[in-house]
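The values are calculated or read from the model by the stated rules, or taken from the named source; none is laboratory data. Everything numeric here is computed off the predicted structure, so don't read it as measured data. So basically every Cβ, Gly included, is an ideal-geometry build from the backbone, and we count neighbours across all protein chains shown.
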Amino acid sequence: MFETLLEPFSYSFMIRSFLISIFVGISLPMIGSFVINRNLGFMGDAIAHASLPVLVIGAVLGASVFLSAIPAAIIIAVTLSYIISRSTVGEDTAIGIVFSTFFAFGIILLKRYNLATTLNIEDILFGQILGVSRGDVISTIILSLITISTVLIFYKQILYLSFDPIGAQVTGLKTKLYDNLFLVVLSLAVIGALQSVGIILVLSMLITPAAAAKLIIKNFQNAILVSSIFGILASISGLYLSFYLNLPSGPAMALSSSAIFVICWLFRRSVRLI
């Protein structure tokens, strides 16, 4: 039993993968709890998809592929927020138009510059945590720590804005400032997770563990803690499935997250906690 659990740690690439999975498992569900409360799940998906053209441009210029997406993701998030506030077509419609346009543009760039040897489209879409480098681990840990520390430092402001935006504005809270801060942190969390679960599946790790925790935990602060625990469990169990069953890592982590949600849904009434 213990040999089975410890065997993956005899490989350096698995140690790197476990490190990334733990930090992504903490940061994404943590910010995801606020995302669910604010109905911004589609925003996280949009940021991930809209980052594709920047990943391609970074590869063309020879820059770090995923690090080049950080400033772009922040700009995209703030721009989306501005468009939504000014748009009359509706929030979901505005986000859908922007992210589909950017994603399509990214696919065209990928084909135009023939980057099949530099950027594997399958790895970008579904993640490839087993192939991460030491630099990728450091980048992901830094982004995750920025996400976690920002949420902890500005917890009260973000919480107030999430539950009562009108009340927050009336009391003099700088709602626009904290709105943009939240979107920037969301962008960093999403970009940090692209290596592990990819563009398409990042939403599953952002939303599903947080949604599972919400089913069985009444208190919001406790739900954030439990969602991160679920995120770690989903990430690590997905890695074990990937290692022993030769499954793609991103989808395995996403399915593990969904399995946790189903279990919580089935026992939500008998396991409702504080």
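Within segment 29-84, restricting attention to residues that are touching an Asp or Glu at 6+ places or on another chain (Cβ under 8 Å) and not in a loop (DSSP other than H, G, I, E, B), which residue is modelled with the lowest pLDDT?
Ile84
Just checking, how many residues over segment 204-225 are surrounded by 22 or more Cβ atoms within 10 Å (Cβ to Cβ) and free of Cβ contacts under 8 Å to residues at least 40 places away in the same chain?
0
Of all residues in segment 128-152 being surrounded by fewer than 18 Cβ atoms within 10 Å (Cβ to Cβ) and among the hydroxyl-bearing types (Ser, Thr, Tyr), which is farthest from Gln221 (Cα to Cα)?
Out of the qualifying residues, it is Ser133.
Does any residue of segment 237-258 turn out to be more than 21 Å from Leu19 (Cα to Cα) and either at pLDDT 90 or above or outside any helix (DSSP H, G or I) (or both)?
yes
Quickly run through segment 170-192 and pick out the residues that are of a type outside the set (D, E, K, R) and closer than 25 Å to Asn219 by Cβ.
Listed by number, the residues that qualify are Thr171, Leu173, Thr175, Tyr178, Leu181, Phe182, Val185, Leu186, Ala189.
Would you please list the contacts, defined by Cβ atoms under 9 Å and residues six or more apart or on different chains, that run from a residue in segment 86-99 that is over 14 Å from Ile47 (Cβ atoms) and at pLDDT below 75 to a residue that is surrounded by fewer than 13 Cβ atoms within 10 Å (Cβ to Cβ) and not small (Gly, Ala, Ser)?
Once the first residue is over 14 Å from Ile47 (Cβ atoms) and at pLDDT below 75 and sits in segment 86-99, its partners that are surrounded by fewer than 13 Cβ atoms within 10 Å (Cβ to Cβ) and not small (Gly, Ala, Ser) give Ser87/Thr93; Glu91/Asn39.
For segment 196-238, which positions are of a type in the set (Ser, Thr, Tyr) and over 16 Å from the mean Cα position of the chain (by Cα)?
The one that is of a type in the set (Ser, Thr, Tyr) and over 16 Å from the mean Cα position of the chain (by Cα): Ser237.
Check segment 213-227 and report whether any residue there is out of contact with any helix residue (DSSP H, G or I) (no Cβ under 6 Å at 6 or more places or on another chain) and either small (Gly, Ala, Ser) or more than 21 Å from Ile148 (Cα to Cα) (or both).
So far as segment 213-227 goes, yes, one or more of its residues are out of contact with any helix residue (DSSP H, G or I) (no Cβ under 6 Å at 6 or more places or on another chain) and either small (Gly, Ala, Ser) or more than 21 Å from Ile148 (Cα to Cα) (or both).
So, in segment 244-267, of the ones that are surrounded by fewer than 18 Cβ atoms within 10 Å (Cβ to Cβ) and of a type in the set (Phe, Trp, Tyr), which residue ends up farthest from Ile207 (Cα to Cα)?
So, considering only residues that are surrounded by fewer than 18 Cβ atoms within 10 Å (Cβ to Cβ) and of a type in the set (Phe, Trp, Tyr), the one farthest from Ile207 (Cα to Cα) is Tyr244.
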